[in-house]
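Chemist: Have a look at this one.
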């Protein structure tokens, strides 16, 4: 079971192969893992976090009823039930003494692609070879122009950054506990790779690192680290909202002439003597689309996994460009509200509250695995402002680990 668990976790962020219903290699490996765990015949004690998971799933049922494509929405609920199964299987494994194996597996899930990505990055710089998209691709970014962003076999650079957010805290806590240089080196490698994703969700990684490293930080260092994490969060989320394309103050000015797909609209403002032109970023506009969909359908939303209906309408109205015609919400809570209404939103918040209380209780026990899992989960919830984290298998792995440590 240990090796099945490791194999499942190592492949959890790999976007290969493309199987029906968005399944990947990790999902195939989960089948024998689940059989191995269930075959042990361990008894399960039902607790409040498990009820919160059940309520979360039930909260999506009204969104299936109102959906314009009930079959597609029902398939999405099946996928959510599968993620809940991941939670219960990992919780059982962690309760039975495999929590440290989960931590090791997540570290490997981040370290292996991070090493591959950094080797690839250096090789491109040395050889000048064209980029290979599964590992990294060149994108035009505001202020930076053509930029190589690592994705390391994940779906997107942001997804890879989220995988690293789940992995880095386990390396940091083991580094502080064992004083082993290997764990410290892995943490550094993953942090460098995360920077090279150039993703907004790195703000969540900063929060995860802060929580994981908190016990080993001096008092003054803690204050500095908090300030740094807050500043990074504000800067990256501002960058996800608008990008300044020009500033003119008399004869002095700044111009960013780069053209990038993330710009979906343009605006102008005057602040004192400064005339500012800015681009509205897709992340901000999609959040507006999600909020409008929720306001128009406040009770049960527009239908589970039907957000593309709202983005298609926004594209026709000229509020989104063609590349975002069938976009995901890229924001967990707003996406849940848009697709499932207030019913889905409340059940999501209840689930997060249950996880927060579970994390608090687990961390009080002083277990380093609990601290790492809580730090990673907190970082990913921060990242949820710009990512659909509830679709990530490793989010449910982290929650399952905390649940298992509670017994």
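The values are calculated or read from the model by the stated rules, or taken from the named source; none is laboratory data. Nothing here was measured: the structure is a model prediction, and the numbers come from that model. Positions of Cβ are generated from backbone atoms using ideal geometry, with glycine treated the same way; all protein chains shown enter the neighbour counts.
Chemist: Would you mind stating whether residue 343 is under 21 Å from residue 61 (Cβ atoms), buried (at least 21 other Cβ atoms within 10 Å of the Cβ) and over 21 Å from the mean Cα position of the chain (by Cα)?
Modeler: Details: under 21 Å from residue 61 (Cβ atoms): yes; buried (at least 21 other Cβ atoms within 10 Å of the Cβ): no; over 21 Å from the mean Cα position of the chain (by Cα): yes.
No; evaluated as a whole, the condition is false for this residue.
This table checks each residue for (1) closer than 21 Å to residue 163 by Cβ; (2) touching a helix residue (DSSP H, G or I) at 6+ places or on another chain (Cβ under 7 Å); (3) at pLDDT below 95.
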{"position": "328", "(1), (2), (3)": "yes, yes, yes"}
{"position": "336", "(1), (2), (3)": "no, yes, no"}
{"position": "355", "(1), (2), (3)": "yes, yes, no"}
{"position": "360", "(1), (2), (3)": "no, no, yes"}
{"position": "375", "(1), (2), (3)": "yes, yes, no"}
{"position": "388", "(1), (2), (3)": "yes, yes, no"}
{"position": "392", "(1), (2), (3)": "yes, yes, no"}
{"position": "406", "(1), (2), (3)": "no, yes, yes"}
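Chemist: Taking the condition of being crowded, with 18+ Cβ neighbours inside 10 Å and closer than 24 Å to residue 383 by Cβ, how many residues in region 309-340 meet it?
Modeler: Of the residues in region 309-340, 18 are crowded, with 18+ Cβ neighbours inside 10 Å and closer than 24 Å to residue 383 by Cβ.
Chemist: Here's a follow-up. So, restricting to helices (runs of 4 or more DSSP H) that lie completely within region 199-296, which ones have at least 2 residues that are free of Cβ contacts under 8 Å to residues at least 40 places away in the same chain and surrounded by 15 or more Cβ atoms within 10 Å (Cβ to Cβ)? Don't jump to the end; show me each part of the working.
Modeler: Details: elements: 202-213, 219-239, 282-296.
Counting at least 2 such residues, we get 219-239, 282-296.
Chemist: Would you check if there is a residue in region 29-46 being out of contact with any helix residue (DSSP H, G or I) (no Cβ under 6 Å at 6 or more places or on another chain), crowded, with 17+ Cβ neighbours inside 10 Å and at pLDDT 95 or above?
Modeler: Checked against the condition, which is being out of contact with any helix residue (DSSP H, G or I) (no Cβ under 6 Å at 6 or more places or on another chain), crowded, with 17+ Cβ neighbours inside 10 Å and at pLDDT 95 or above, region 29-46 yields no hits at all.
Chemist: A further question follows. Out of curiosity, is residue 194 surrounded by 24 or more Cβ atoms within 10 Å (Cβ to Cβ), assigned to a helix (DSSP H, G or I) and either out of contact with any strand residue (DSSP E or B) (no Cβ under 6 Å at 6 or more places or on another chain) or touching a residue at least 40 places away in the same chain (Cβ under 8 Å) (or both)?
Modeler: Details: surrounded by 24 or more Cβ atoms within 10 Å (Cβ to Cβ): yes; assigned to a helix (DSSP H, G or I): yes; either out of contact with any strand residue (DSSP E or B) (no Cβ under 6 Å at 6 or more places or on another chain) or touching a residue at least 40 places away in the same chain (Cβ under 8 Å) (or both): yes.
Yes; evaluated as a whole, the condition is true for this residue.
Chemist: Out of region 49-69, which residues are exposed (fewer than 15 other Cβ atoms within 10 Å of the Cβ) and more than 28 Å from residue 32 (Cα to Cα)?
Modeler: The answer is 65, 68.
Chemist: Restricting attention to helices (runs of 4 or more DSSP H) lying wholly within region 20-87, give those where 1 or more residues are in contact (Cβ under 8 Å) with a residue 12 or more places away in the chain and under 22 Å from the mean Cα position of the chain (by Cα).
Modeler: Values: elements: 25-38, 48-58, 61-65.
So the answer is 25-38, 48-58.
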